[in-house]
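Some notes on the structure that comes next.
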Amino acid sequence: MSPKSPPSPEQLALRKCLGSFPTGVAVITYASPEGPRGATVNSFVSVSLDPALVLVSIAKTARSREGLDDASFAVNVLGAHQGDVAMHFAGRPNECLRVPWQQDAEVPRLRECAAWLQCAPWRSVEAGDHVLFIGEVVAHGHDPSDPLIFHAGAFRIDKPASPHWRPPSPIDSLDRRRDLERWSDAGSTTHIVPV
Ligand SMILES: Cc1cc2nc3c(=O)[nH]c(=O)nc-3n(C[C@H](O)[C@H](O)[C@H](O)COP(=O)(O)O)c2cc1C
């Protein structure tokens with residue numbers, strides 16, 4: 001599939017199949033000449049303990065594809081209360097959102113997350129319409145809070161863990177579903193399957 005061609009019925013069916021695999025949600029953050037940037041991903045996986053390697057798969061059409069070239073980055077595993085942060089970095093910037101940037105971090109990263117990993121660039125590998133960015137973990141931390149979960153094209157929360165959390169209203173849910181479908185229809189990645 002070329003980056004801009006609409007997905008075929010077979011590709012849509014594959015997306016739906018892949019979406020039955022529940023994942024966490026992370027924001028990959030990095031420095032750019034314009035300031036700190038981030039992109040929401042669910043393609044984050046751990047790769048190796050020795051050396052300590054992790055991987056994210058980024059669509060070639062994404063702005064972060066260039067931003068992550070040979071760049072240090074941070075993986076911010078989102079907590080159950082951070083659905084709004086996920087959407088903010090998924091191409092729907094929310095001017096009213098107070099992005100919880102960690103001010104004194106060496107590599108831009110977010111506060112209030114379930115976990116964070118600071119990574120040095122290790123390798124990148126082209127894989128179809130995506131690039132796999134493999135980073136070596138140089139620092140990390142985590143909080144015993146519940147993670148945000150993505151499954152079948154929607155955010156799931158097993159149980160509310162934070163006083164900031166409120167159940168999404170039906171209208172919020174509809175808006176988010178439309179965003180996820182729009183993002184998915186744009187063919188920017190094959191990681192999410194809208195239902
Ligand atoms: C839950 C969720 C998971 C996503 N996972 C990925 C992913 O793994 N890789 C990817 O390239 N885009 C993924 N996206 C889409 C990007 O977040 C979106 O294209 C974003 O605008 C990229 O930002 P950028 O263009 O600044 O890099 C995901 C979006 C959502 C809502």
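The values are calculated or read from the model by the stated rules, or taken from the named source; none is laboratory data. Computed from a prediction, not measured in an experiment: that's the story for all the values here. A quick note on method: Cβ atoms are made from the backbone with ideal geometry, for glycine too, and the neighbour counts reach across all protein chains shown.
With respect to PRO33, determine if the residue is touching a strand residue (DSSP E or B) at 6+ places or on another chain (Cβ under 8 Å) and more than 22 Å from ALA152 (Cα to Cα). Answer is no for this residue.
Would the stretch 166-184 turn up any residue that is at pLDDT 60 or above and more than 18 Å from THR40 (Cα to Cα)? For the stretch 166-184, residues at pLDDT 60 or above and more than 18 Å from THR40 (Cα to Cα): present. If only residues of the stretch 43-76 that are hydrophobic (A, V, I, L, M, F, W, C) and part of a loop (DSSP other than H, G, I, E, B) are counted, the one that is nearest to the ligand (Cβ to nearest atom) is ALA62. When the residues of the stretch 1-19 are narrowed to those that are part of a loop (DSSP other than H, G, I, E, B) and within 15 Å of the ligand (Cβ to nearest atom), which ends up nearest to LEU148 (Cα to Cα)? Within the stretch 1-19, the match that is nearest to LEU148 (Cα to Cα) is GLY19. In the stretch 136-157, of all residues being within 24 Å of MET87 (Cα to Cα) and of a type in the set (Gly, Ala, Ser), the one that is farthest from the ligand (Cβ to nearest atom) corresponds to GLY141. Annotation: of all residues in the stretch 87-130 being small (Gly, Ala, Ser) and either more than 14 Å from the ligand (Cβ to nearest atom) or at pLDDT below 95 (or both), the one that is farthest from SER145 (Cα to Cα) is ALA120.
Close Cβ contacts (under 9 Å, 6 or more residues apart or on different chains) running from residues in the stretch 29-42 that are within 19 Å of MET87 (Cα to Cα) and of a type in the set (Lys, Arg) to residues that are assigned to a strand (DSSP E or B) and away from the ligand (no atom under 11 Å from the Cβ) comprise ARG37/ALA31. Selection of the stretch 31-42 for residues being more than 9 Å from the ligand (Cβ to nearest atom) and either touching a Ser or Thr at 6+ places or on another chain (Cβ under 8 Å) or assigned to a helix (DSSP H, G or I) (or both) yields ALA31, PRO36. Assess whether ASP84 counts as being among the acidic types (Asp, Glu), without any contact (Cβ under 8 Å) to a residue 60 or more places away in the chain and either touching a Cys at 6+ places or on another chain (Cβ under 6 Å) or surrounded by 15 or more Cβ atoms within 10 Å (Cβ to Cβ) (or both). The answer is yes for ASP84. Every listed requirement among (1) buried (at least 21 other Cβ atoms within 10 Å of the Cβ); (2) under 18 Å from PRO147 (Cα atoms); (3) within 14 Å of the ligand (Cβ to nearest atom) is met by PRO22 save one, (1).
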